[in-house]
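Student: I'd like to ask you about the structure that follows.
The values are calculated or read from the model by the stated rules, or taken from the named source; none is laboratory data. Nothing here was measured: the structure is a model prediction, and the numbers come from that model. Note that we place each Cβ from the backbone using ideal geometry, even for glycine, and neighbour counts take in every protein chain shown.
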Amino acid sequence: MSEHRTAADVRRRDFLAAAGVGAVAVATLPRMAKAEPKDADALVAKLIGNAQPKDGKVRIQMKDMAESGAAEPISVTVDSPMTAADHVKTLHIVSEGNPNPGVSSWHFTPRSGKAEVSFRMRLAKTQVVRAYAVMSDGSVHAARHEIKVTISGC
Amino acid sequence: MPAQIKSRIPSKAAKDEIIEIKLQITHDMESGNRKDAAGNVLPRRIINKMVCTWNNEVVTSADWHPSMSANPFIVFYARATESGKITIKFHDDNGEVHETSADITVG
């Protein structure tokens, strides 16, 4: 190769190097965005086993459209007397569109008073957020909420 | 920066009243999915567990994942059983435990 490198060559090399970095960054994007409902399904199977979730009792309160997915308020309420004989044991919140489908799992006792939690969650894209309540008798109730996201927060 | 915890827990409650516990902790909740300018993955560091006890008996606990927002703000409830101390512990990925507690009089 010639020892005479012109300014144009150097610029070309810099450009190629920079383009390479860019290409790597773009190539990693699909991995980041790889979050599908089936990942959520796999996690749910691990969390609740083969219980058949029933509708009702669980209510997700959340906006229908989020401007930013960085910290979106969510409240989940489960109808339950919260007595020793009949209470919610665990409440799982699962995301269908985030890189990690698990959001949080809350473990209640009769001393929790009511099965209700509020927090803020990240949202990578427009998706469905699900909540599963495991009752003390072993039954599972579930709810879903679709939320549109304009700016990713993951 | 040490994690700062702000809490709102009532100091008095009637017997069997359901009280609201509100907390905010300053924490980056680094998800482990982000990269710095050089393309290196920023290691995950989140609060992975929260435990609320009332006189050392667990009332509510939670496992958290990276989809929890930065500076978590949470609200949950507890049935006022007896006077004593409510303690909330946040377990960090790096092994630290951030803790806050409040005294409550019931009756």
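Student: Can you report the number of residues in the range B:11-46 which are of a type in the set (S, T, N, Q), more than 9 Å from chain A (Cβ to nearest Cβ) and under 19 Å from the mean Cα position of the chain (by Cα)? Reasoning before the result, please.
Tutor: Within the range B:11-46, the subset of a type in the set (S, T, N, Q) is B:11, B:24, B:26, B:31, B:33, B:40.
Next, only the ones that are more than 9 Å from chain A (Cβ to nearest Cβ) stay: B:11, B:24, B:26, B:40.
Then drop every residue that is not under 19 Å from the mean Cα position of the chain (by Cα), which leaves B:11, B:24, B:26.
Of the residues in the range B:11-46, 3 are of a type in the set (S, T, N, Q), more than 9 Å from chain A (Cβ to nearest Cβ) and under 19 Å from the mean Cα position of the chain (by Cα).
Student: Would a scan of the range B:33-47 turn up a residue that is touching a His at 6+ places or on another chain (Cβ under 9 Å) and closer than 24 Å to A:Glu96 by Cβ?
Tutor: To start, the set of residues in the range B:33-47 that are touching a His at 6+ places or on another chain (Cβ under 9 Å) comprises B:45-47.
Add one more test, that the residue is closer than 24 Å to A:Glu96 by Cβ, and what stays is B:46-47.
Yes.
Student: Further question on the same structure: Being within 13 Å of chain A (Cβ to nearest Cβ), out of contact with any strand residue (DSSP E or B) (no Cβ under 7 Å at 6 or more places or on another chain) and of a type outside the set (Phe, Trp, Tyr): is that true of B:Ala80 here?
Tutor: no
Student: Does B:Arg79 satisfy being basic (Lys, Arg) and touching a helix residue (DSSP H, G or I) at 6+ places or on another chain (Cβ under 6 Å)? So that I can check it myself, show each step before the final result.
Tutor: Working: basic (Lys, Arg): yes; touching a helix residue (DSSP H, G or I) at 6+ places or on another chain (Cβ under 6 Å): yes.
Considered against the rule, which asks whether it is basic (Lys, Arg) and touching a helix residue (DSSP H, G or I) at 6+ places or on another chain (Cβ under 6 Å), B:Arg79 comes out as yes.
Student: Let me ask something else. Is one or more of the residues making up the range A:130-143 acidic (Asp, Glu) and under 18 Å from A:Ser75 (Cα atoms)? I'd like the intermediate steps shown before the answer.
Tutor: Step one: filter the range A:130-143 for residues acidic (Asp, Glu), giving A:137.
Now drop any that are not under 18 Å from A:Ser75 (Cα atoms), which leaves none.
Checked the range A:130-143: no residue is acidic (Asp, Glu) and under 18 Å from A:Ser75 (Cα atoms).
Student: Do the conditions hold for A:Lys89, that is, is it in contact (Cβ under 8 Å) with a residue 12 or more places away in the chain and closer than 30 Å to B:Ser83 by Cβ? Can you show your working first?
Tutor: On the way: in contact (Cβ under 8 Å) with a residue 12 or more places away in the chain: yes; closer than 30 Å to B:Ser83 by Cβ: yes.
It is true that A:Lys89 is in contact (Cβ under 8 Å) with a residue 12 or more places away in the chain and closer than 30 Å to B:Ser83 by Cβ.
Student: Can you find, within the range A:44-78, the residue that is farthest from the chain's Cα centre (by Cα) among those that are of a type in the set (Val, Ile, Thr) and at pLDDT below 95?
Tutor: Start the filter on the range A:44-78 by keeping residues that are of a type in the set (Val, Ile, Thr), which leaves A:44, A:48, A:58, A:60, A:74, A:76-78.
Checking which are at pLDDT below 95 leaves us with A:44, A:48.
Values: A:Val44: 12, A:Ile48: 17 Å.
Across the range A:44-78, the extreme among qualifying residues is A:Ile48.
Student: Does any residue in the range A:130-154 that is at negative phi and surrounded by 19 or more Cβ atoms within 10 Å (Cβ to Cβ) come within less than 8 Å, Cβ to Cβ, of a residue that is aromatic (Phe, Trp, Tyr) and assigned to a strand (DSSP E or B) six or more places away or on a different chain, and which pairs are these?
Tutor: Filtered contacts from the range A:130-154: A:Val140/A:Tyr132; A:His141/A:Tyr132; A:Ala142/A:Tyr132.
Student: Looking at the range B:88-106, can you tell me whether even one residue there is assigned to a strand (DSSP E or B), within 10 Å of chain A (Cβ to nearest Cβ) and either surrounded by 18 or more Cβ atoms within 10 Å (Cβ to Cβ) or among the β-branched types (Val, Ile, Thr) (or both)?
Tutor: Residues of the range B:88-106 assigned to a strand (DSSP E or B): B:88-92, B:97-106.
After this cut, where a residue has to be within 10 Å of chain A (Cβ to nearest Cβ) as well, the list is none.
There is no residue in the range B:88-106 that is assigned to a strand (DSSP E or B), within 10 Å of chain A (Cβ to nearest Cβ) and either surrounded by 18 or more Cβ atoms within 10 Å (Cβ to Cβ) or among the β-branched types (Val, Ile, Thr) (or both).
Student: Same structure again: If you scan the range A:74-102, which residues turn out to be closer than 14 Å to A:Gly153 by Cβ and either more than 8 Å from chain B (Cβ to nearest Cβ) or crowded, with 23+ Cβ neighbours inside 10 Å (or both)?
Tutor: If we filter the range A:74-102 for residues that are closer than 14 Å to A:Gly153 by Cβ, which is where we start, we get A:74, A:95, A:97-100.
Residues satisfying the conditions are A:Ile74, A:Ser95, A:Gly97, A:Asn98.
Student: Would you confirm whether or not the range A:34-53 contains a residue that is assigned to a strand (DSSP E or B) and either touching a helix residue (DSSP H, G or I) at 6+ places or on another chain (Cβ under 9 Å) or among the aromatic types (Phe, Trp, Tyr) (or both)? Please lay out each step first, then the result.
Tutor: Just the residues of the range A:34-53 that are assigned to a strand (DSSP E or B), to begin with: none.
No, the conditions are met nowhere in the range A:34-53.
Student: With the requirement that a residue be among the small types (Gly, Ala, Ser) and more than 17 Å from A:Arg120 (Cβ to Cβ), what does the range B:41-91 give you?
Tutor: Let us first name the residues in the range B:41-91 that are among the small types (Gly, Ala, Ser), namely B:61-62, B:67, B:69-70, B:78, B:80, B:83-84.
Correct list: B:Ser61, B:Ala78, B:Ala80, B:Ser83, B:Gly84.
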